[in-house]
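*Asks:* What follows is a single structure, and I will ask about it in a moment.
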Amino acid sequence: MRPSFHPKLINDPFLDPGLFIPFLFEKRALLFDLGDLHALSSRDLLKVTHVFVTHTHMDHFVGFDTLLRVFLGREGEIHLFGPTDFLSHVEGKLAGYTWNLVSEYPNNFGLRVTEIQKERTLTKNYFCQDRFRSEEPPTVAPFSGILLKEPSFHVEGLFLDHRTPCLGLSLVENFYVSINKEALQKMGLPVGPWLTRFKKALYEKRDLKSDFMVTWEERGKLIKEKGFVLGDLADKIGKISPGQRIAYITDIIGSPENYEKVVELAKGADHLFIEAAFLDRDRETAHKKYHLTAKEAGELAKKARVKQFTLFHFSPRYNHQEAEVQREALEAFNQGKR
């Protein structure tokens, strides 16, 4: 099975946090956190449609300017999500620049920004040609833990304690449709954009008796098409498997309340990305700064029964001790196992 999402940390574990999640066979990606983004190419950044910011400390939000700079003057929209006071923080960023030339741009790029509160969300739009000013009141909606919901996946979020509200995040794929390329070849069918439409039809639970058109395209132009019954085509070239869960946890104190929430959010995750800011010998410092130790990260991964985990967000004091940080977390994860 080839997963739909291929998450990777943007930077090495001593630099700014951030997770880049590109989609397989699609020119699309998600971002968890907006730290320093210079390790990503403009081509990567232009794939981003949705950004989820855990909190607005500088090392998690400084990349906002980089992302905006890449998209400025282009058509499209980016959706941004962040915790309490996020709207005012985004507006503060936007207010720091002079926008007198943007009315000359042919495209009207926009930001759709959602602030997550305990029981509700506030959403506002900011458009380039309006100089990124928004006079309209925010749209209010109830919040039940789901930040984004699409046919094939959803993103969950909950509040954790970092001496300021900090979002824990989890990307949950509903199920995965894999394509049998050998069967494609036997049927004389091409690999192309129609496969994305095919998967979407299954994710949206379209009537399996409905018609579906396979298309041959060259440079975006339709050359040929052939009709199938959706269910028959799915039986021949598709395989449906359980989807994956990707969890992302950073900047939290190792308190019982946080432990309980993280275990619930990351339960059974295929991949947990979790901070390990300090070694356990410096636990007192970690708690004062509201961060996890490597041992606590390993304990949480074990309690959540994740399949694998990756550590990040190390304190620079361990610049030559990365192996020790990794070892401490792994020992906690394997404690009691045979």
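*Asks:* Just to be sure, is Gly82 more than 21 Å from Gly145 (Cβ to Cβ), at pLDDT 95 or above and surrounded by 20 or more Cβ atoms within 10 Å (Cβ to Cβ)?
*Replies:* Judged against the criteria, Gly82 is not a match.
*Asks:* In addition: Would you mind finding the one in Gly238, Gly268 that is in contact with a strand residue (DSSP E or B) (Cβ under 6 Å, 6 or more places away or on another chain) and over 20 Å from Pro17 (Cβ atoms)?
*Replies:* That would be Gly238, the only listed residue that is in contact with a strand residue (DSSP E or B) (Cβ under 6 Å, 6 or more places away or on another chain) and over 20 Å from Pro17 (Cβ atoms).
*Asks:* I've got another one for you. Quick one: what pairs do we get from region 39-56, first residue part of a loop (DSSP other than H, G, I, E, B), second surrounded by fewer than 22 Cβ atoms within 10 Å (Cβ to Cβ) and among the polar types (S, T, N, Q), C-beta under 8 Å, 6+ apart or different chains?
*Replies:* Correct list of pairs: Ala39/Asn11; His55/Thr164.
*Asks:* Another question about this same structure. Looking at Glu299, Glu257, Glu225 in this structure, which one is in a strand (DSSP E or B), over 23 Å from the mean Cα position of the chain (by Cα) and either at pLDDT 95 or above or over 30 Å from Arg327 (Cα atoms) (or both)?
*Replies:* After applying the criteria, what remains is Glu225.
So that you can scan it fast, the table gives a plain yes or no per residue for (1) touching a residue at least 12 places away in the same chain (Cβ under 8 Å); (2) small (Gly, Ala, Ser); (3) loosely packed, with under 14 Cβ neighbours inside 10 Å:
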{"position": "Asp251", "(1), (2), (3)": "yes, no, no"}
{"position": "Ala294", "(1), (2), (3)": "yes, yes, no"}
{"position": "Tyr318", "(1), (2), (3)": "yes, no, no"}
{"position": "Gly336", "(1), (2), (3)": "no, yes, yes"}
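Residue-wise test of (1) in contact with a Leu (Cβ under 6 Å, 6 or more places away or on another chain); (2) farther than 28 Å from Asp33 by Cβ; (3) in contact (Cβ under 8 Å) with a residue 24 or more places away in the chain.
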position	(1), (2), (3)
Phe159	no, no, yes
Ser178	no, yes, yes
Met213	no, yes, no
Trp216	no, yes, yes
Asp232	no, yes, no
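*Asks:* If you go through region 256-263 one residue at a time, do you hit one that is assigned by TED's automatic domain parsing to the domain that holds Phe32 and among the aromatic types (Phe, Trp, Tyr)?
*Replies:* Yes.
*Asks:* Kindly indicate whether any position in region 16-37 is in the same structural domain as Phe312 (by TED's automatic domain parsing), among the acidic types (Asp, Glu) and in contact with a His (Cβ under 6 Å, 6 or more places away or on another chain).
*Replies:* yes
*Asks:* Which numbered condition in (1) modelled with pLDDT under 95; (2) of a type outside the set (Val, Ile, Thr); (3) not in a loop (DSSP other than H, G, I, E, B) is the only one that Gly92 fails?
*Replies:* With respect to (1) modelled with pLDDT under 95; (2) of a type outside the set (Val, Ile, Thr); (3) not in a loop (DSSP other than H, G, I, E, B), Gly92 is out only on (1).
*Asks:* Moving on. Given the criteria over 20 Å from Asn174 (Cα atoms) and surrounded by fewer than 13 Cβ atoms within 10 Å (Cβ to Cβ), does Lys261 qualify?
*Replies:* So Lys261 fails the test.
The values are calculated or read from the model by the stated rules, or taken from the named source; none is laboratory data. Just so it is clear, the structure is predicted and the values come from calculations on it, not from any experiment. Quick reminder, even Gly has a Cβ in these numbers, built from the backbone with ideal geometry, and neighbours come from all protein chains shown.
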